[in-house]
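**Q** This is the structure I have questions about; it appears just below.
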Amino acid sequence: MTIHKEGYKTITVTTIGMLLLNLIVYDLVGKSLFFYFLLFVSITFFLIIVNFFRNPARIFEIKDNNIVVAPADGTVVVIEEVMENDFFHEKRLQVSIFMSVFNVHINWIPIAGKILHASYQRGRFMAAYLPKSSTENERSSIIIKAESGQEILLRQVAGALAKRIVTYHKEGQDCRINQQLGFIKFGSRVDLYLPLDTEMLINLDDKVYGNQTAIARLK
């Protein structure tokens with residue numbers, strides 16, 4: 001287990017801030033009960049931040065090029081047929097994965113192919129579990145043309161605490177399973193818009209793991 005590069009700055013700033021705060025309090029009150037309580041809170045907070053930016057080594061063994069792999073850790077909160085009006089303008093099967101602050105927040109490429117589109121939209125910061133967050137929150141969208149020729153839309157959606165979405169892949173680039181797509185800081189969600197005839201391999205409320213859980217199979 002290593003620390004993800006997106007966490008270096010946050011962890012450094014947190015460490016310096018906690019050290020300064022504890023030194024100031026120690027200088028004012030010495031080895032008091034309040035100082036030890038603050039030290040305990042500081043260490044706990046630091047460990048939570050480090051845990052959030054953990055970067056596990058994960059390899060998905062590809063046996064079927066039509067398999068769609070979970071792009072994120074979290075809970076499946078949506079599996080439903082919707083009208084996708086931003087890009088496809090047709091009905092699609094939406095699969096949404098909600099990430100809590102305790103999940104790994106790395107996002108992975110869900111299927112090998114080519115990036116046909118990549119864009120970023122500013123928006124609100126509603127709670128990521130709300131349905132409207134998919135279309136109204138700050139978000140980053142990519143369309144992948146799979147090797148089978150089918151196209152899927154992946155959307156990284158910011159949550160109430162998430163203030164930064166990072167997407168590494170650009171339009172025109174090739175992509176493959178086991179590549180990191182990006183990172184979303186703090187609570188957020190990832191949406192997939194799949195063809196209607198896609199075979200689902202997971203159910204609502206299932207726990208899934210990015211680049212580990214096979215969630216669907218394209219026809």
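Laboratory data are not the source of any read-out in this text; all were calculated from the coordinates shown. Small disclaimer: the values here were computed from a predicted structure and weren't measured. Counting neighbours? That spans all protein chains shown, and the Cβs are built from the backbone with ideal geometry, glycine included.
**Q** Could you work out how much longer the chain between Ile59 and Asp86 gets when fully extended? Use 0.36 nm per residue separation minus the Cα distance between them, nm to one decimal. The partial results should precede the final answer.
**A** On the way: separation 27, 0.36 × 27 = 9.72 nm, distance 3.23 nm.
Separation in residues times 0.36 nm, less the Cα-Cα distance, equals 6.5 nm.
**Q** With unit charges on the beta carbon (Lys/Arg positive, Asp/Glu negative), name the residue among Ile184, Pro71, Thr213 whose Cα is farthest towards the positive pole of the charge dipole of the chain.
**A** Highest projection toward the positive end goes to Ile184.
**Q** Please report, largest first and rounded to whole Å, the three semi-axes of the ellipsoid equivalent to the chain, where each semi-axis is the square root of five times an eigenvalue of the C-alpha gyration tensor.
**A** Each semi-axis is the square root of five times an eigenvalue, giving 37, 17, 15 Å.
**Q** Which length gain, in nm to one decimal place, applies between Lys145 and Lys114 when the Cα-Cα distance is subtracted from 0.36 nm times their residue separation?
**A** Length gained between Lys145 and Lys114: 10.6 nm.
**Q** Tell me the mean residue ellipticity at 222 nm calculated for the chain from its helices only (DSSP H runs of n ≥ 4, each -39500 (n - 2.57), averaged over every residue, nearest 500).
**A** Estimated from H runs of four or more residues: -7000 deg cm²/dmol.
**Q** In debye, nearest 20, what is the charge dipole magnitude of the chain about its Cα centre with +1 on Lys and Arg Cβ and -1 on Asp and Glu Cβ, if you could check?
**A** 660
**Q** Roughly how many nanometres apart are two label points built 7 Å out from the Cα toward the Cβ at Ile3 and Lys219?
**A** Between Ile3 and Lys219, the label points sit 4.9 nm apart.
**Q** Compute the long axis of helix 33-52 from its Cα atoms, compare it with the longest principal axis of the Cα atoms of the chain, and write down the angle in degrees, 0 to 90, nearest 10.
**A** Between helix and principal axis, roughly 20 degrees.
**Q** Using alpha-carbon pairs under 8 Å, 6+ residues apart, how would you state the relative contact order of the chain in percent? Mind dumping the intermediate values first?
**A** On the way: 500 pairs, mean separation 54.1, N = 219.
After rounding, I find 25 percent.
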